[in-house]
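The values are calculated or read from the model by the stated rules, or taken from the named source; none is laboratory data. Treat the numbers as computed from the prediction; the structure is a model and nothing was measured. Reconstructed Cβ throughout: ideal geometry from the backbone, glycine too, with neighbour counts over all protein chains shown. When the accessible area is computed, the model is the full protein with side chains, heavy atoms only, and any ligands, DNA or RNA have been set aside. Shrake-Rupley method; radii C 1.70, N 1.55, O 1.52, S 1.80 Å.
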Amino acid sequence: MASTSQGWADFYAWQLDRASRTSLSRQIYMQVRSAVLSGALRAGARVPSSRAMALRLGVARASVVSAYEQLLAEGYVDSRHGSGTFISGEVAGLARRRRAPRVIKRAAVPTSARAFPDFERSAVQGEARPFNTGRTLIDARTAETWRSLTHRAVRRLGPNDLGYADPAGLAELRANICDYLRVARAVRCEPDQIVITAGTQQAIDIAIRVLLAPGDEVWVEDPGYPLTHAQLLLAQVQPRAIPVDVVGLMVDVGRRTASRARAVFVTPSHQFPIGVAMSMARRLELLAWARQSGAFIVEDDYTSEFRYSGPALASLQGLDHSEQVIYVGTLNKALFPGLRIGHAVVPRALLPAFIGARYLIDRQPATLQQVVVSEFMQQGHFAAHIRRMRLLYREQRDALAETLTRRAAGRLDVELPDQGMHLVAYLRDGSSDLAIEAAARRAGIVVRAISRFYRAARPRPGLMLGFSGFPRQLIVPAAARLAALVANRGRN
């Protein structure tokens, strides 16, 4: 080894970390690669034989051979038949030029990337603190049934379950969802009109891609769901904020504001965030406008399963005879958010484009979860789960409303919703709901200021509180703390 260059001498001085989780062959590979890229080992330098390297480093020859094979595969060294192995001239030359001083023009963040909303990670729905929204409870019966069905599905997995499948989803699940929607929501559909999605968010994203082009005008509710608004901005369309009153979206204002809109995004059964239900007169008026203007309606029917008084409200889609409504729903809120299964009922004229877009986004929904959900619905467990959760959530809603009303010293108007998984408590004295939101977070309570959800209409300050994901024994003391916080701020 008398001919060893200074670069290899430096390499031999390096100590292997035998206690590291990184294998010895990986450490050797990384050290040689680093020396090539830094210029310590120059182009054409002869690489010691694997036997000599192993002897100098005190390792098994197999570790060195493995490292050399990786370096050769990635082009850091060249093997010359009959001559040996040498540092690659091409890679070393590129590394040398990269180190040469020059003006570097760094890539700027493109405008399209800056358009994505900067969500606060501290406010994501994964937080378990009361009264975060979108959370669910799973009772022991549902949990055990889910485990059993999952184990059975795994045991029965076959080649067809492990390969590519229909991007619209499994036929059995689509049929079960179709049967459920016909009965529970009066949706007019056939199984082949169902497209399985990851949830309402993905379904709305696909609808935007299929229906709209940059510059198109669309109606959105004001106040309304912020993620839908963000998705529309990303698609470079023009959302027009249409106010909502006590009976839903004000269609006459929409006609005056943006009569040539290409679509409207609505939550008619339980308006987000204020919770009102769109009246029958408004529903018929909206459908008439869509027919006259050739526009489509995207109906987001989130939390429709949880209605606490009176008969279930029929879907807007069920009133549509011209196939201009895309009906969007989710099982993530009915069961649990980590499930990531939703659905869209798509007019036949849009089906090829909708399924095509679904295919391009992520090819297909996951097979195993679909099998489990399909069996869960087919065997009647889904309907039983909804009945139990409806009773439980109503008790939790009532406990939250009663505690706030009793403890807030007349400073809150608590709206008791007939449906959904959250309620709204309006501030009587006009206090800043944003300030109370921040103060509540410091006190370990998550509430959402509804003034955040307004675009053009004058906001009515209030707090949105989720009740579905928290047991009564947690709701009552947390609601008492929140009521005291509101009352104290009102006196200050």
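Per-structure values
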{"item": "Selected residue [under 15 Å from the mean Cα position of the chain (by Cα) and over 28 Å from GLY469 (Cβ atoms)] from ILE361, ILE341", "result": "ILE361"}
{"item": "Residue satisfying all of: in the stretch 470-492; in a loop (DSSP other than H, G, I, E, B) and open to solvent by 10 Å² or more (accessible area, probe 1.4 Å); farthest from GLU221 (Cα to Cα) among these", "result": "ASN492"}
{"item": "Filter result (of a type in the set (A, V, I, L, M) and in a helix (DSSP H, G or I)) within the stretch 196-237", "result": "ALA203, ILE204, ILE206, ALA207, ILE208, VAL210, LEU211, LEU227, ALA230, LEU232, LEU233, LEU234"}
{"item": "Count of residues meeting criterion [assigned to a loop (DSSP other than H, G, I, E, B), surrounded by fewer than 18 Cβ atoms within 10 Å (Cβ to Cβ) and not polar (S, T, N, Q)] in the stretch 46-69", "result": "2"}
{"item": "Test: residue in the stretch 463-471 that is of a type in the set (A, V, I, L, M) and more than 19 Å from ALA128 (Cβ to Cβ)", "result": "no"}
{"item": "Hits in the stretch 305-317 - residues which are out of contact with any helix residue (DSSP H, G or I) (no Cβ under 6 Å at 6 or more places or on another chain) and either in a loop (DSSP other than H, G, I, E, B) or at pLDDT 95 or above (or both)", "result": "SER309, GLY310, PRO311, ALA312, LEU313, ALA314, GLN317"}
{"item": "Residue within the stretch 335-345 that is part of a loop (DSSP other than H, G, I, E, B) and either small (Gly, Ala, Ser) or in contact with a strand residue (DSSP E or B) (Cβ under 6 Å, 6 or more places away or on another chain) (or both) present", "result": "no"}
{"item": "Residue pairs meeting the criteria (Cβ under 8 Å; at least 6 apart or on separate chains; first under 30 Å from LEU482 (Cα atoms), in the stretch 131-145; second open to solvent by 20 Å² or more (accessible area, probe 1.4 Å) and in a helix (DSSP H, G or I))", "result": "GLY134/PRO337; ARG135/PRO337; THR136/PRO337; LEU137/LEU392; ILE138/TRP146; ASP139/ARG388; ASP139/LEU392"}
{"item": "Cβ-Cβ under 9 Å pairs, at least 6 apart or on other chains, the stretch 286-313 side farther than 20 Å from HIS229 by Cα and touching a residue at least 60 places away in the same chain (Cβ under 8 Å), far side assigned to a loop (DSSP other than H, G, I, E, B) and basic (Lys, Arg)", "result": "GLU305/LYS333; PHE306/LYS333"}
{"item": "Some residue of the stretch 303-325 being under 27 Å from the mean Cα position of the chain (by Cα), over 20 Å from VAL247 (Cα atoms) and either open to solvent by less than 10 Å² (accessible area, probe 1.4 Å) or among the polar types (S, T, N, Q) (or both)", "result": "yes"}
{"item": "Scan of the stretch 433-459 for residues that are touching a residue at least 40 places away in the same chain (Cβ under 8 Å), closer than 16 Å to ALA487 by Cα and buried (at least 18 other Cβ atoms within 10 Å of the Cβ), ordered by number", "result": "ILE436, ALA440, ILE445, VAL447"}
